[in-house]
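Visitor: Once you've had a glance at the structure underneath, I'll fire off some questions.
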Amino acid sequence: MKNFVLKGNICYSESRESIRLLPNSYLVCENGLCAGAFTELPEKYASLPLTDYGDRIIIPGLVDLHLHAPQFAFRGLGMDMELMEWLNTYTFPEESKYADLEYAERAYSLFARHMHLCATTRAAIFSSLHSPATELLMDKMEESGLVSFVGKVNMDRNSPDYYCEKSASSSLEATERWICNTMDKYKNTRPIITPRFIPTCSDELMRGLRTLVEKYNLPVQSHLSENYNEIALVQELCPDARFYGDAYNRFGLFGGDHPCIMAHCVHTGEEELDLIKKNGVFIAHSPLSNSNIASGVAPISKYLANDIHVGLASDVAGGETENMFYSIASSIRASKLRWRLRDQSVKPLSVDQAFYIATVGGGSFFGKVGSFEPGYEFDALVLDDSGLDHPQELSLRSRLDRCLYLADDRDIKAKYVRGHQLFDRT
Ligand code: GUN
Ligand code: FE
């Protein structure tokens, strides 16, 4: 079905600061794109097939701008350490298992099933070091119906022997082969260059990755300014870099001429922020992860006020769940604690701002995504909040707010990506 109409209670961000609410209204899809949301159905769409979702709520699909597929198996475990220790104790041992394709098959089948069912319609995903398992993950993501970027991870230094590429050149060769195998293979799944972070990537590796970005016209994703010990290590490793982001920028892996996502930016200073803005880098804000492994709280409302691109991210398995509703609520909660305990010059996030970063904010990395304005790609969730029972009739705005705080996969009754229905269980 290429062209159709959905009827229901429609909500989407009309700006960073406000959500547009259209009770009992019509959402039109034409050739995978949104033709608009209307309180009265325009005559020219009257003959299109219409699905009436009754009193249910229709919102744009949520965007997870940063998560790790091979960490999904230990979600909810190992939250008792900070980043560097956490990587060595839990993360690298688990990720090393993806050398075994049988294990990868089992684990990534689970991961892709969760991605299919959850609120996420778009994702930027880290895989492991292994090309075969990364290709398997990409096959499964394509089957899931989501649109995603997936990156084979690069690491050639400061990593344990059992989970480290032998040399920059072998890492680059494997990466180029993987790019050639996957760049034109799928409709919805694309490769993305993924140096894990500065501590685990040699200069030679970074230079080679830049060459691949140029040769194949690819985006980049990595981690930035997440944890104090990590930042100190980068300073030690790159004494000439003026700040952490500069260590990426020196290799041409920090946006500017290519799309770029940097996860976290919890402890980003003014100079780094200026370069993020100048280069159009997207910040993937990961509030669940930042509290679980005690990294801190990023000043997101300040970034938004500076017109910096901010998307929301689960950062599974630093974040314990792929459920992006949890990340929305967590982003608001964390910002309030930061405001109360640390810095009252940076306002807490409003619900409207949190909804914005979870939809349009991260969606912009994928093009015109995350809104129901005309011309946006048609990604939508149909939510049934009748399970969130309440003794009174609530306004649509109150019902939406409760969904953002309380909803999970069970409340998602239908999911659409680029105009394709992934499921409908109404
Ligand atoms: N920095 C480098 N690798 C990782 C990772 O896997 N998770 C998080 N949260 N930060 C990282
Ligand atoms: Fe991460």
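The values are calculated or read from the model by the stated rules, or taken from the named source; none is laboratory data. Keep in mind that what you see is a predicted model, and the values were worked out from it rather than measured. Because the Cβ atoms are built from the backbone with ideal geometry, glycine has one as well, and the counts that use them run over all protein chains shown.
Visitor: Test E226 against the criterion of being part of a loop (DSSP other than H, G, I, E, B), out of contact with any Lys or Arg (no Cβ under 7 Å at 6 or more places or on another chain) and within 16 Å of ligand 1 (Cβ to nearest atom), and give yes or no.
Guide: Answer is yes for this residue.
Visitor: Moving to a separate point now. Just to verify a result, which residue in the range 266-297, among those that are in contact (Cβ under 8 Å) with a residue 40 or more places away in the chain and among the hydroxyl-bearing types (S, T, Y), is nearest to ligand 2 (Cβ to nearest atom)?
Guide: So the residue we want is S286.
Visitor: If only one of Y103, Y108 is crowded, with 24+ Cβ neighbours inside 10 Å, more than 21 Å from S225 (Cα to Cα) and more than 15 Å from ligand 1 (Cβ to nearest atom), which one is it?
Guide: Within the list Y103, Y108, the selection yields Y108.
Visitor: Could you say which residue among R210, R242 is surrounded by fewer than 22 Cβ atoms within 10 Å (Cβ to Cβ) and in contact with an Asp or Glu (Cβ under 8 Å, 6 or more places away or on another chain)?
Guide: Going through R210, R242 in turn, just one is surrounded by fewer than 22 Cβ atoms within 10 Å (Cβ to Cβ) and in contact with an Asp or Glu (Cβ under 8 Å, 6 or more places away or on another chain): R242.
Visitor: So, restricting to strands (runs of 3 or more DSSP E) that lie completely within the range 22-88, which ones have at least 1 residues that are farther than 15 Å from F378 by Cβ?
Guide: By residue number, 50-60, 62-68.
Visitor: State whether one or more residues within the range 72-94 are out of contact with any Phe, Trp or Tyr (no Cβ under 6 Å at 6 or more places or on another chain), under 28 Å from S395 (Cα atoms) and surrounded by fewer than 17 Cβ atoms within 10 Å (Cβ to Cβ).
Guide: Scanning the range 72-94, I find no residue that is out of contact with any Phe, Trp or Tyr (no Cβ under 6 Å at 6 or more places or on another chain), under 28 Å from S395 (Cα atoms) and surrounded by fewer than 17 Cβ atoms within 10 Å (Cβ to Cβ), so the answer is no.
Visitor: Could I ask something else about it? Within 12 Å of ligand 1 (Cβ to nearest atom) and surrounded by fewer than 18 Cβ atoms within 10 Å (Cβ to Cβ): which single residue out of A294, A284 fits that description?
Guide: Unique residue meeting the criteria: A294.
Visitor: Between T194, T175, which is in a helix (DSSP H, G or I) and either surrounded by fewer than 20 Cβ atoms within 10 Å (Cβ to Cβ) or of a type in the set (V, I, T) (or both)?
Guide: Unique residue meeting the criteria: T175.
Visitor: When only residues in the range 313-368 that are more than 16 Å from ligand 1 (Cβ to nearest atom) and acidic (D, E) count, which is farthest from I412 (Cα to Cα)?
Guide: D343
Visitor: Being over 15 Å from A104 (Cα atoms) and away from ligand 1 (no atom under 16 Å from the Cβ) is the filter; apply it to the range 121-135 and report the residue that is nearest to the chain's Cα centre (by Cα).
Guide: Among them, the one singled out is R122.
Visitor: If you go through the range 298-331 one residue at a time, how many are closer than 19 Å to F366 by Cα and free of Cβ contacts under 8 Å to residues at least 40 places away in the same chain?
Guide: Selection size over the range 298-331: 2.
Visitor: Output the residue which, of all residues in the range 297-312 that are within 23 Å of Y405 (Cβ to Cβ) and part of a loop (DSSP other than H, G, I, E, B), is farthest from ligand 1 (Cβ to nearest atom).
Guide: P299
Visitor: Six or more apart or on different chains, Cβ under 8 Å: which pairs go from a residue in the range 194-207 that's within 13 Å of V234 (Cα to Cα) and away from ligand 2 (no atom under 14 Å from the Cβ) to one that's among the basic types (K, R) and part of a loop (DSSP other than H, G, I, E, B)? Could you list them?
Guide: C201/R157; S202/R157
Visitor: I need the full set of residues from the range 337-381 which are more than 27 Å from V5 (Cβ to Cβ) and assigned to a loop (DSSP other than H, G, I, E, B), in order please.
Guide: Within the range 337-381, R342, D343, Q344, S345, V346, K347, P348, L349, S350 qualify.
Visitor: Read through the list (1) under 29 Å from A112 (Cβ atoms); (2) buried (at least 21 other Cβ atoms within 10 Å of the Cβ), then give the number of the only condition that I300 fails.
Guide: Status for I300: all satisfied but (1).
Per-residue answers, yes or no, for (1) at pLDDT 95 or above; (2) in contact with a helix residue (DSSP H, G or I) (Cβ under 8 Å, 6 or more places away or on another chain); (3) assigned to a helix (DSSP H, G or I):
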residue	(1), (2), (3)
G208	yes, yes, yes
P239	yes, no, no
A247	yes, yes, yes
F254	yes, yes, no
K278	yes, no, yes
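Visitor: Let me ask another. Scanning the range 208-226 for residues that are in contact with a strand residue (DSSP E or B) (Cβ under 8 Å, 6 or more places away or on another chain) and among the β-branched types (V, I, T), which turns out farthest from ligand 2 (Cβ to nearest atom)?
Guide: Of everything passing the filter in the range 208-226, V213 is farthest from ligand 2 (Cβ to nearest atom).
Visitor: Oh, and also: Return the pair list, or none, for Cβ contacts closer than 6 Å from residues in the range 46-73 that are among the polar types (S, T, N, Q) to residues that are part of a strand (DSSP E or B) and within 14 Å of ligand 1 (Cβ to nearest atom), at least 6 apart or on different chains.
Guide: Final answer for the pair search is Q71/V316.
Visitor: Here's another thing I want to ask about it. Collect the residues in the range 189-223 that are in contact with a Ser or Thr (Cβ under 7 Å, 6 or more places away or on another chain) and away from ligand 1 (no atom under 16 Å from the Cβ), keeping them in residue-number order.
Guide: T189, P191, L212
Visitor: Residues of the range 46-80 being over 29 Å from F366 (Cα atoms) and within 15 Å of ligand 2 (Cβ to nearest atom), which ones?
Guide: G78, M79
Visitor: Scan L383, L396 and give me the residue that is of a type in the set (A, V, I, L, M), surrounded by fewer than 22 Cβ atoms within 10 Å (Cβ to Cβ) and within 23 Å of E17 (Cβ to Cβ).
Guide: L396
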